[in-house]
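Notes follow once the structure below has been shown.
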Amino acid sequence: MTASAVVPERLRRPLRSPSFRRLAVGKGISYLGDWLMVAVLVGWVYESTSSVAEVATLMAIRLVPPIVGGGLAASLVDRLPRRRVLVWSEIACAATVAGAFGGVVLGSRPIVFAFVGLCGLVGMISTVAGNALVPMVVEPDELPAANAIHAVGQEAAMALGALAGGLMLAAGGAGAGLLANLASYAVAVLFFVRIRVDDEQTERKASAARGGFVGGLRYVLAHSTLIVVVGSFALGTLATGLANAMLPGFTKGLGLGASGYGFALAALAAGMIAGEALTGAVASRVDARWLALGLGAMGCLFLAFAWSGSALAALALLAAFGVANGFTEVVMTTSIHQHAEREYHGRVFGVGSTLWRTTMLGAVVAAPLVNAVASPSEAITIAAGVLFLGAIAVQASLRHAAPRPATAAV
């Protein structure tokens, strides 16, 4: 069976662009290395300390710096040529992983934690640069499919990276895993340096851009559609962050034991890959108003998941939730590409990333307080209510299709 018989035509079209192929493959390899690093370091920290608190510290350090990184990305990505920002941010990530490798060799957790935090900060700049490059290497009508492919690569990299990290830790230790991560950055850079951006006018405008994070925030606040897109997705990350924090207790209550959280994440990742791929394969265009459908479906599925009562039904509903979540992510990303002028893409994604990480972190911080007064099922029901609020906000605010800024074909 040929690839053309398996992959829908709409998903094959953006892959005909050599620059998009290099961007998608490079980011996929880079993300795989990132998740491999997380997996081996979590294992290394727990193996050396037997402390859940130390593991939680590592995960917090991994989560917090990208909030600052989003602000830096908003200041850099639209001021400098985006391909150059992408390449140098990947090289900087490699340097931080080399520092973490040194910490592992020395057996120093503080050194490892410091460099992991720096990696998270610089990695967000790379993520924003990659998102901003997508519409510069594909045709405008290929954006839904291109964003779907880009997102599927991230989800697949998460699953494969976590698996490879576990195997690497067992076979060669944390040091071997970090060296593999370094190799992933080197391969990604080789792909990125070969990206060719045809829209030279946008590159010149980006180089002259000023305003950074504050300018990006003002731009978002000046455009009602972007306010709704960025704000409603923040409600989505708030809800999913709260539900994610409750998953271990919820799955344990269903009889899945200590492995339940892993099963739940696997079901969610599989659903997201399916949702992203289906959206890219079917949608020839994207309307920001579709966020109401995506968030509403996520809310309904969370509500059913919270009161499912059986492990099999819960995992099936979580996979279905992943499909809706994947659809919503593609709609969100493509809506920003369509409704923000290209020279502002870096700033808008930088502002959005900072907000989304902040709401997710806020949900994780609030989770113990919620857990003290509510059961896991009740907490997930609260998360469903937040998603319904987001869907209502989109529906009430975007009753009519918003005009899109004119963009030149690539």
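Worth a mention:
- Taking the criterion of being surrounded by fewer than 18 Cβ atoms within 10 Å (Cβ to Cβ), touching a Pro at 6+ places or on another chain (Cβ under 6 Å) and at pLDDT 85 or above, the only residue of region 236-291 that qualifies is 281.
- In region 364-408, residue modelled with the lowest pLDDT [restricted to those that are among the polar types (S, T, N, Q) and in a helix (DSSP H, G or I)]: 371
- Of 302, 233, all but one fail to be at pLDDT 95 or above, of a type in the set (Phe, Trp, Tyr), within 17 Å of residue 327 (Cα to Cα) and open to solvent by less than 20 Å² (accessible area, probe 1.4 Å); the exception is 302.
- Condition met for residue 170 (hydrophobic (A, V, I, L, M, F, W, C), open to solvent by 40 Å² or more (accessible area, probe 1.4 Å), at pLDDT below 95 and in a helix (DSSP H, G or I)): yes
- Residue count, region 67-107 (criterion: open to solvent by 30 Å² or more (accessible area, probe 1.4 Å) and not in a helix (DSSP H, G or I)): 3
- Residue 333 over 23 Å from residue 276 (Cα atoms) and open to solvent by 20 Å² or more (accessible area, probe 1.4 Å): no
- Here residue 343 clears all of (1) touching a Lys or Arg at 6+ places or on another chain (Cβ under 8 Å); (2) open to solvent by less than 10 Å² (accessible area, probe 1.4 Å) except the condition numbered (2).
The values are calculated or read from the model by the stated rules, or taken from the named source; none is laboratory data. No experiment lies behind these values; they were computed from the predicted model shown. Cβ: placed from backbone, ideal geometry, glycine included. Neighbour counts: every protein chain shown. Only protein heavy atoms, including side chains, enter the accessible area calculation; ligands, DNA and RNA are left aside. Shrake-Rupley method; radii C 1.70, N 1.55, O 1.52, S 1.80 Å.
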